[in-house]
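S.K.: Can you keep this structure in mind? I'll have questions shortly.
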Amino acid sequence: MFVLALRVDLRLPACRSLKDRRQVIRPILDGARHRYAVSAAEVDHQDSWQRATLGFAAVSGSVGHVTEVIDAVERFVWSFTEIEVLETERRWLDEA
């Protein structure tokens, strides 16, 4: 079993309220869940209007497949023009 996690730090320059922020973040999370069958959540900066950190995780029986899925998720996030991606980080999770 192979598990790859992706953390994406975002800047949301046009957001002026938490409601605006939710309208930008929700399509990203829901879209990734439905298109790529990954786990997706907002993991940091929940109280900030113009910042967000999203986490995604994929599980597969092969390294190649899980890498392809996370690559696609990352491209999907970058496709949203109303956000600025500040940083991404990938982490393999080890079985313990």
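S.K.: Looking at region 25-96, which GluC sites (Glu not before Pro) are DSSP coil and have at most 14 other C-beta atoms within 10 Å of their C-beta? Mind dumping the intermediate values first?
M.R.: Details: sites: E42, E68, E74, E82, E84, E87, E89, E95; in loops: E82, E95.
Those that pass, being in a loop and sparsely packed, are E82, E95.
S.K.: Measure nothing fancy, just the Cα-based angle from helix 18-36's long axis to the longest principal axis of the chain, in degrees from 0 to 90, nearest 10.
M.R.: It works out to around 20 degrees.
S.K.: As I understand it, the value is the acute angle between the Cα axis of helix 63-78 and the longest principal axis of the Cα atoms of the chain; what does it come to in degrees, rounded to 10?
M.R.: 10 degrees
S.K.: Rounding to the nearest 20 debye, state how big the charge dipole of the chain is about its Cα centre with +1 on each Lys and Arg Cβ and -1 on each Asp and Glu Cβ. Please report the intermediate quantities before stating the final value.
M.R.: Working: 13 positive and 15 negative charges, 81 e Å.
Dipole size: approximately 380 debye.
S.K.: Of (i) -0.98, -1.14; (ii) -0.91, -1.04; (iii) -0.76, -0.99, which is the value of log10 I(q)/I(0) by the Debye sum over Cα atoms at q = 0.18, 0.21 Å⁻¹ derived from the coordinates here?
M.R.: Derived directly from the coordinates: (iii).
FYI, it's all coordinate maths here, none of it is from the lab. A quick note: this is a predicted structure, and the numbers were derived from the prediction, not measured. Glycine also receives a Cβ, built like all others from the backbone with ideal geometry; neighbour counts cover every protein chain displayed.
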